[in-house]
Structure formats: structure tokens, C-alpha cells
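The values are calculated or read from the model by the stated rules, or taken from the named source; none is laboratory data. Note that this is a predicted model, so its numbers are computed, not measured. With ideal geometry, Cβ positions are generated from the backbone for all residues, glycine too; neighbour counts draw on all protein chains shown. Note: areas computed on protein heavy atoms with side chains; ligands, DNA, RNA excluded. Shrake-Rupley method; radii C 1.70, N 1.55, O 1.52, S 1.80 Å.
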Amino acid sequence: RTRRNKTHIFLPHLVASMEEVEETYIMIKPDGVQRGLVGEIISRFERKGFKLTGLKLFQCPKELAEEHYKDLKTKPFFPKLIEYITSGPVVCMAWEGVGVVASARKLIGATNPLQAEPGTIRGDLAVQTGRNVVHGSDSPENGKREIDLWFKEGELCQWVHVQAPWLRE
Ligand code: ADP
């Protein structure tokens, strides 16, 4: 896909090699938006040193929520999960960086917030699995799949992160 082509030909010394760079889909769920945690959650990824390439507030239609969580279709909590995700606006984000997929999962913490370590988003800010404030892709493949699912052509920005030389040697 053309929008994924990195235009890092200028300032090549400032960016990691293209093969190393991953992308992940992070979503602040409706409870995170309603509880006023949007800035707090975005800050954690920004301060870590990842690069934001897509961001929007979005009311998710039922069909999209079902497609996103299709692997959980047979779970007993699936209908409630769809109801939850479509219950108010979500914040959709694409983040890019070396190792961003696994690192974002660590920053987010365990699925059950009561088991999530203090210092993680869920560990610090949530108490129940059914209201765990944020989603993060579980593999680089799903990162790409989910970004394609939630963002339209033209909604992602490629830009040079000026912090790059101060983040990686
Ligand atoms: P994660 O979001 O940590 O990758 P899963 O992929 O297992 O976790 O589940 C997706 C989402 O489905 C969870 O974040 C949570 O919102 C919801 N969920 C998972 N398990 C349950 C459950 N037992 N009860 C209610 N909701 C659940």
C-alpha cells in the first residue's frame, strides 16, 4: 500500500532501518474517553518515544467492532464487548516505532486490570476487564490489519520524528 511507503530517503541517518519499524493500533475505548483519560493515555506513548502516525475521535459502527473482535465471536462476553465498544466515541491511533507492538502491550498491562502491574495504563487507571480503557494490537500482523481496518486512505501521516537521534544511537 502506497501510504505505508516510508519517505525517509531524506535524513536517513535520523531513522531506524525500515525493516525494524513496526506499527500498532492503539484505541482508547469509550470508558477512557468518558473518564477524561485521553490526554493521559496518549502522553504515555508520546513520552515513551513512539511516533504517532494516525489519530481520530470516532463513533464505531457495530459492524466494524464485530470485524475488529472477530476472533472473539464465540466468547460468551462477545455481545457485551460489542455493546461496550460502540457505546460512545473511541480514540483511534496508529503508533510507529522499533518494537512498538510488544512495548505498547507492556505499557497497557494485563487484560484484567486487577492483575495489571502498577505503572501500566490498566494497572493504574482501571479495575475491570469489561472496562479496561484501551486496546493494543497483539502482533505486528494484527497491527497492520487493524490500522487498515480503522483508518481510511489519507488519514495517516508520515513525518520525520525530530526526536529520533535522541531516542536511538
Ligand atoms: P486484550 O485486549 O488484552 O488483547 P483480549 O484480546 O483477550 O484482551 O480481549 C479483548 C477485549 O475483550 C478485552 O480487552 C476486554 O475488553 C474484552 N474481554 C476479554 N475477556 C473478557 C471477559 N472475560 N469479560 C468481559 N470482557 C472481556
Exercise. Residues of region 130-143 being out of contact with any helix residue (DSSP H, G or I) (no Cβ under 7 Å at 6 or more places or on another chain) and crowded, with 19+ Cβ neighbours inside 10 Å, which ones?
Worked result: His135
Problem set entry | Hits in region 74-129 - residues which are open to solvent by less than 80 Å² (accessible area, probe 1.4 Å), among the aromatic types (Phe, Trp, Tyr) and within 12 Å of the ligand (Cβ to nearest atom) | Phe78, Tyr84
Exercise. Which of (1) in contact with a Leu (Cβ under 9 Å, 6 or more places away or on another chain); (2) more than 11 Å from the ligand (Cβ to nearest atom) does Leu167 not meet, given it meets every other one?
Worked result: (1)
For this session: Please tell me if Gly143 is closer than 14 Å to Gly54 by Cα and either within 14 Å of the ligand (Cβ to nearest atom) or in contact with a Phe, Trp or Tyr (Cβ under 7 Å, 6 or more places away or on another chain) (or both).
Result: yes
Exercise. Does at least one position in region 47-67 carry a residue that is in contact with a helix residue (DSSP H, G or I) (Cβ under 8 Å, 6 or more places away or on another chain) and within 11 Å of the ligand (Cβ to nearest atom)?
Worked result: yes
